[in-house]
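Below you'll find the structure, written out as structure tokens, and then a few comments.
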Amino acid sequence: MTRILSEPETFARDALAGFVTAHADVVRAVDGGVVRRHRSAPGRVAVLIGGGSGHFPAFAGYVGEGMAAGAVCGNIFSSPSTGQAMRVAHAADAGGGILFAYGNYAGDVMHFGEAERRLRDEGVDARTVLLTDDVASAPRDARDQRRGIAGIVFAFHIAGAAADRGDDLDSVERLVRLTNERTVTFGVAFSGCTLPGADASLFEVPAGMMSLGLGIHGEPGIEDVPLQTAPDLAATLLQPLLAERPADANRVALIVNGLGSVKYEELFVLFGEVSGLLDAQGITVVQPLCGELVTSLDMGGASVSLLWLDDELEELWAAAAAAPAFHRGAVAPRTGDAEQIDDEPAVEGSSGIPSSSESVPAGSVAAAETAIHLLRVAHDVVGAHEAELGALDAIAGDGDHGVGMVRGLDAAVTAAERSGAAAGLSAALTAAGEGWAERAGGASGALWGAALAQLGTSLGDHDQYPPALVADAVDAAVERIRALGGAEAGDKTMLDAMAPFAASLRQGIAAGEPVAGALRAAAATATGAAEATAALVPRRGRARPLAERSVGHADPGATSFAMIVDAVAARVEKGS
């Protein structure tokens, strides 16, 4: 449980501000995360890491010499936004290209991927390596679907060391991919973690049991088994890792990681057992780490990570580094550019205010007023069900869906109001989408942000909005989500409610129903479709590793979508 905080919603931001103050000699704040206090030498590759907060020392603690050039820091267990990634990248860029390295989570992939695309459009050579070390999250032949957990630290150091010695972007990317291919992690949880401000943990482990295959975003493990003694636990954690030992490997880098409330004496006991078993296998441990490397707030748990070394990787793993949470050898002090970049909040969406030469049709202004009002309606209904959505998400995820949706809608309403109805419907919806994506982060932030922005583009600014145009715009928004998230019907995502909603709306409008009536019927369809997701097994997203646990429970994204369109339809039907 988090006991020291001001407000739950500002906890991540407050913690990051304190971290920067405590380590002002090493890092400096930018809007969206941190970068090195002194810029990398000109022409160097900038390695950027990041993800949700709640994992300290990941990610900000690994910024420094021989480590990352910057870290993009989202809210608790929520991916940072595209805008945050862009701002950190601009601050860290030294002219040698950008390499993003981060765990394979849906929201991170969407937001960082869009940042990579935008940087390339600007002429910056930007690339990505997804880190996929968690053996519990997918089988070996589907390694690209695995999550990134504590083994990501190997990649952070090897990437930073290679970049700082002057390797070009091709070489740094190759080395990080090689590191990832030879890294495996397996973990165990004894208790769940508690989000700031919450009075209960995201999941419970039954008394006398332990949960194998935990996730670092508050997800429970994939199998509960009886508690084991330290020798047996070490063998349990090593077994799946040794099963993926390369034929040429007899030297290994080892991390025994604490998840938050398993403290150092216990970790040392586990470390001793693990290292003894490796020695018995004829495997030499090289410069190991034991401690809290990638946490999950106050989760009671531990994990073991192995990097199967070759000569090239071992040289880099042994290289000097100086970051707030990672020190090795002696690093020559750097001087140079150390100016502070003020940590000002980002603009939540574009202003949307037209120039004096622009003329917005009166119908668009009226439609914008309606859209802003309906965004407030959506905000109120999701706020009323925030706890319910969070509990539903915690069954097979990290439990933050409710708070993330409220945060996104807060930002969307604020951005649309700042844009103002006078700027027209397109500007209001585009601003709302940008605001949602910027402040919510996560997969739902990326998807809802993109959908609202697409609605704004498709609807445009007109004096009249015929029903067919509304149906076309909704279809375009659904297709944008399909393309961005990569999901299809039956994957147990929000798309399972959105696609039937769009189809029903189009059918009603084609039959000549007024928009209000077609919207009401479509909302009922979405509600039924959301409820039907309870029978589905998830095939995508962070629920996938815990697929069986989610059967019998509706998808939280589909559920929140159905809540929103039901409330919106009711308000439209009332004509207010």
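Observations, loosely collected:
- Single match in Gly441, Gly456 (criterion: touching a helix residue (DSSP H, G or I) at 6+ places or on another chain (Cβ under 9 Å), crowded, with 24+ Cβ neighbours inside 10 Å and at positive phi): Gly441
- Residue within segment 115-137 that is under 27 Å from Gly557 (Cβ atoms), among the polar types (S, T, N, Q) and surrounded by 24 or more Cβ atoms within 10 Å (Cβ to Cβ) present: yes
- Qualifying residue in segment 506-525 (condition: modelled with pLDDT of 95 or more, under 30 Å from Gly187 (Cα atoms) and assigned to a helix (DSSP H, G or I)): no
- Test: residue in segment 523-533 that is under 30 Å from Gly113 (Cα atoms), in the same structural domain as Gly397 (by TED's automatic domain parsing) and in contact (Cβ under 8 Å) with a residue 60 or more places away in the chain: no
- Residue that is farthest from Thr21 (Cα to Cα), among those in segment 317-345 that are among the small types (Gly, Ala, Ser), surrounded by 10 or more Cβ atoms within 10 Å (Cβ to Cβ) and modelled with pLDDT under 90: Gly336
- For segment 387-400, filtering for residues that are in contact with a Ser or Thr (Cβ under 7 Å, 6 or more places away or on another chain) and either over 17 Å from Gly218 (Cβ atoms) or modelled with pLDDT of 90 or more (or both) leaves 2.
- Hits in segment 278-299 - residues which are over 34 Å from the mean Cα position of the chain (by Cα) and surrounded by 18 or more Cβ atoms within 10 Å (Cβ to Cβ): Ile283
- Residue match in segment 474-491 (condition: farther than 18 Å from Ala451 by Cα, within 26 Å of the chain's Cα centre (by Cα) and either modelled with pLDDT under 95 or aliphatic (A, V, I, L, M) (or both)): yes
- Look at segment 359-371: where a residue is assigned to a helix (DSSP H, G or I) and a partner is surrounded by 15 or more Cβ atoms within 10 Å (Cβ to Cβ) and acidic (Asp, Glu), sitting 6+ places away or on another chain with Cβ atoms under 9 Å, you get Gly363/Asp461; Ser364/Asp461; Val365/Asp461; Ala367/Asp461; Ala368/Asp461.
- From the options Glu244, Glu266, Glu312, Glu219, residue that is part of a loop (DSSP other than H, G, I, E, B), over 21 Å from the mean Cα position of the chain (by Cα) and either assigned by TED's automatic domain parsing to the domain that holds Ser78 or surrounded by 14 or more Cβ atoms within 10 Å (Cβ to Cβ) (or both): Glu244
- If you go through segment 478-494 and keep only what is in a helix (DSSP H, G or I) and without any contact (Cβ under 8 Å) to a residue 60 or more places away in the chain, you end up with Val478, Glu479, Arg480, Ile481, Arg482, Ala483.
- The single residue among Asp475, Asp463 that is surrounded by fewer than 21 Cβ atoms within 10 Å (Cβ to Cβ), in the same structural domain as Ala570 (by TED's automatic domain parsing), in contact with a helix residue (DSSP H, G or I) (Cβ under 7 Å, 6 or more places away or on another chain) and part of a helix (DSSP H, G or I) turns out to be Asp475.
- Residues in segment 17-41 that are assigned to a strand (DSSP E or B) and on the phi < 0 side of the Ramachandran plot: Val27, Arg28, Ala29, Val30, Val34, Val35, Arg36.
- Taken over segment 421-443, residues that are modelled with pLDDT of 95 or more and outside any helix (DSSP H, G or I) amount to 1.
- Flag for Phe56 being among the aromatic types (Phe, Trp, Tyr), at pLDDT 95 or above and either in a loop (DSSP other than H, G, I, E, B) or buried (at least 24 other Cβ atoms within 10 Å of the Cβ) (or both): yes
- Any pair with Cβ under 7 angstrom, 6 or more apart, that starts in segment 287-304 at a residue that is of a type in the set (Val, Ile, Thr) and ends at one that is at pLDDT below 95: Val294/Ile216
- Subset of segment 165-206 [buried (at least 24 other Cβ atoms within 10 Å of the Cβ) and part of a helix (DSSP H, G or I)]: Val172, Val176, Thr179, Asn180
- His157 meets all of the listed conditions (1) touching a residue at least 40 places away in the same chain (Cβ under 8 Å); (2) surrounded by fewer than 24 Cβ atoms within 10 Å (Cβ to Cβ) but one, namely (2).
- Some residue of segment 63-80 being part of a helix (DSSP H, G or I) and among the hydrophobic types (A, V, I, L, M, F, W, C): no
The values are calculated or read from the model by the stated rules, or taken from the named source; none is laboratory data. Keep in mind the model is a prediction, meaning the values are calculated, not measured. Backbone-built Cβ (ideal geometry, glycine too); neighbour counts: all protein chains shown.
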